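Report on one structure; see the data block that follows.
The values are calculated or read from the model by the stated rules, or taken from the named source; none is laboratory data. Here the structure is a predicted model, which is why all the values come from computation and not from measurement. Backbone-built Cβ (ideal geometry, glycine too); neighbour counts: all protein chains shown. Remember, those area values only see protein heavy atoms, side chains included, never the ligands or the DNA or RNA. Shrake-Rupley method; radii C 1.70, N 1.55, O 1.52, S 1.80 Å.
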Amino acid sequence: MSEKATLELNGQKYDFPLKSGTENETAIDISSLRNSTKGIITLDSGFKNTGSCESAITFLDGEKGILRYRGYSIEELAEKADFLEVAYLLIFGELPTQEQNLKFHNDIKAQSVVDEDVKKILDAFPKTAHPMGVLSSLTSALTAFNPSSVNVNSEEDMYKAIVKIMGKFPVLVAWTLRKKNGLPLDYGEKNIGYVENVLKMMFKQPNEDYVQNKVLIEALDKLLILHADHEQNCSTSTVRIVGSSHAGLFASLSAGISALWGPLHGGANQAVLEMLEAIKADDGDTKKYMAKAKDKNDPFRLMGFGHRVYKNFDPRARIIKKAADEVLEDLGIEDPILDIAKGLEQEALKDPYFVDRKLYPNVDFYSGIIYRAMGIPTDMFTVMFALGRLPGWIAQWREMRLNNEPIGRPRQLYVGATERSFVEVDKR
Ligand code: SDX
């Protein structure tokens, strides 16, 4: 393959070097474009054709439905690893030894208490506040209580900030749910696993011991692994660009949480359940909703379907769909919503509109069915997505800072008014 791409413009030729990745992807490095063409830029709404960085963390092949974290397939990791191992792998690049894993978990446990004054911020929110808005605010507020987490330039300072947020974030997630349920804000236990502690903090009733359920532990561990990273998606790109100004890790994560909240992104898992509930209330009329999704005049989209990168099945959706069956069976739950979801999937996979546009179920299509079976309220689903995505955001932020990436500042094509003079108000 040639080493360069040539652009011909107004009779002039401009050469740009090609870069190859380890999975034989090719990028045209256009970093010299504006200078060499004296001002010409590219335009790519939604960055569908534009790479923002070189990254060694996650590889996706949308056509083949491949997802790997640091070279390990999502199928193997979901089957054989636990969430904290995957978090370590994403952040530091290698699966941890037993000693490294133990130290990482102990360092996280040592940081798993949140300043009591954070409860005063939480108390100020109405019970009806959306949990994603609460979580984003509390995450940003953590900066005020941990000022040393802001100016992290050394790997050691970065590590301290990382274990701080890995320890405190699950507490904020649990407190956000407990606030909604009118329960006291407390902690779990230090001598249990990371995921076990999340479940205990979320669900322990003040007047009884919390009994762990192996099915729920395994289901949540798997869901968190499946959500842990996904290369340069909307919220990760947000974390990176905010961090590129050298804003602190917690402030960058808070911005990522807000981006994930959107129904086109992480908020889709909540929107899927609301859609399935609406279909169920409409006598299971899936054909009506399929028609709405295909109607260009109707803003309705089939939530949980389609993906910017996957033009094949989202490998995570396959794993979650199987897990949904297993969890419901293990918990002895008959959920008609699951049957509606499967019916909708079967119809869409045969419908030319979806087939022609390569619209398949994505990670959000089935995940809500498991969260609901676990007793998690619908508007907390995206909070659970954020809990899973936390190590991926951290890994991407750390890579961006260690690579000394420049501050993110895109250009634009100006299409507004050309120069004109001010008009006094009595002459307008
Ligand atoms: C996540 O990027 C990531 O990696 C995200 C994520 C991660 O792990 O971080 O994987 C998590 O966000 C998953 C996606 C969750 N969102 C949804 O399920 C919402 C429903 N999906 C769509 O809104 C849409 O598919 C997107 C936003 C996911 C992707 O949109 P794109 O890539 O911008 O595609 P597009 O809007 O240009 O759609 C192409 C065509 C259009 O029709 P035409 O103009 O060609 O006629 O497909 C249609 C769209 O109208 N289309 C849909 C559809 N998704 C796309 N039509 C109906 N229902 C849908 N769901």
- prompt: Top mean-square fluctuation among GLN270, GLN396, GLN212, Gaussian network model of the chain, C-alpha springs under 10 Å?
  reply: GLN212
Hypothetical label at ASN191: residues of the range 204-218 whose amide nitrogen lies under 18 Å (7 Å Cα-Cβ projection): 209-212
query: Between the range 187-235 and the range 30-61, how many Å separate their Cα centres?
result: 38 Å
field: Unit Cα scatterers, Debye sum, the chain: log10 I(q)/I(0) for q = 0.06, 0.09, 0.13 Å⁻¹
entry: -0.28, -0.62, -1.21
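Which value results for Rg/Rh of the range 83-137 when Rg is the Cα radius of gyration and Rh the Kirkwood radius based on the inverse mean 1/r?
Numbers: Rg = 16.2 Å, Rh = 13.8 Å.
On the Cα set of the range 83-137, Rg over Rh gives 1.18.
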message: If a paramagnetic tag sat 7 Å from the Cα of LYS160 along the Cα-Cβ line, which residues of the range 242-283 would have the backbone N under 18 Å from that point?
response: 247-251
field: Length gained when the stretch GLU274-LEU18 is fully extended (0.36 nm per residue, less Cα-Cα span)
entry: 87.6 nm
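Tell me the per residue accessible area of the chain using a 1.4 Å probe; a whole number in Å² is fine.
Working: 21600 Å² over 428 residues.
For the chain, the solvent-accessible area averages 50 Å² per residue.
If each residue of separation counts as 0.36 nm, what is the full-extension length gain between LYS64 and GLN205 once their alpha-carbon separation is subtracted? Could you put the intermediate results ahead of the total?
On the way: separation 141, 0.36 × 141 = 50.76 nm, distance 4.52 nm.
Result: 46.2 nm gained on full extension.
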- prompt: Using only Cα atoms, what is the ratio of the radius of gyration of the range 183-304 to 2.2 N^0.38 Å?
  reply: 1.41
Of ALA348, ASN151, GLY188, farthest towards positive along the dipole that unit charges on Lys, Arg, Asp, Glu beta carbons give the chain: ASN151
FRET efficiency for GLU79 and PHE313, using Cβ-Cβ distance with R0 set to 22 Å, rounded to 0.05: 0.80
field: Leading residue at positive end of dipole, the range 38-175 (Cβ point charges), from LEU77, VAL114, MET132
entry: MET132
- request: Considering Cα pairs under 8 angstrom that are at least six residues apart, work out the relative contact order of the chain and quote it in whole percent.
  value: 20 percent
field: Degrees separating the helix 98-109 axis from the principal Cα axis of the chain, which is the longest one
entry: 80 degrees
task: Would you mind getting me the FRET efficiency between LEU9 and LEU43? Use the beta-carbon distance for r and R0 = 22 Å, nearest 0.05.
output: 0.90
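Within the accessible area of the chain, what % is carbon and sulfur when the probe is 1.4 Å and the other protein chains stay in place?
On the way: 10870 of 21600 Å².
The nonpolar share, carbon plus sulfur, comes to 50 percent.
With +1 on each Lys and Arg Cβ and -1 on each Asp and Glu Cβ, and nothing else charged, work out how big the dipole of the chain is about its Cα centre, in Debye to the nearest 20.
On the way: 53 positive and 60 negative charges, 260 e Å.
Here the size comes out at about 1240 debye.
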- prompt: What angle, in degrees between 0 and 90 and rounded to the nearest 10, separates the Cα long axis of helix 336-348 from the longest principal axis of the Cα atoms of the chain?
  reply: 30 degrees
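Relative to the Cα centre, what is the charge dipole magnitude of the range 81-226, using +1 at the beta carbon of each Lys and Arg, -1 at the beta carbon of each Asp and Glu, and rounding to the nearest 20 debye?
Values: 16 positive and 19 negative charges, 124 e Å.
For this selection, approximately 600 debye.
Give me the dipole magnitude in Debye, nearest 20, for the range 331-398 about the Cα centre, with unit charges on the beta carbon: positive for Lys and Arg, negative for Asp and Glu. Mind dumping the intermediate values first?
On the way: 7 positive and 9 negative charges, 88 e Å.
Charge dipole of the range 331-398: 420 debye, to the nearest 20.
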statement: Relative to the chain, whose Cα atoms define the longest principal axis, helix 214-226 and its Cα axis are tilted in degrees, nearest 10, by 10 degrees
query: What order, most packed first, do the peptides 376-387, 9-20 have when packing is the mean number of other Cβ atoms within 10 Å of each residue?
result: 376-387, 9-20
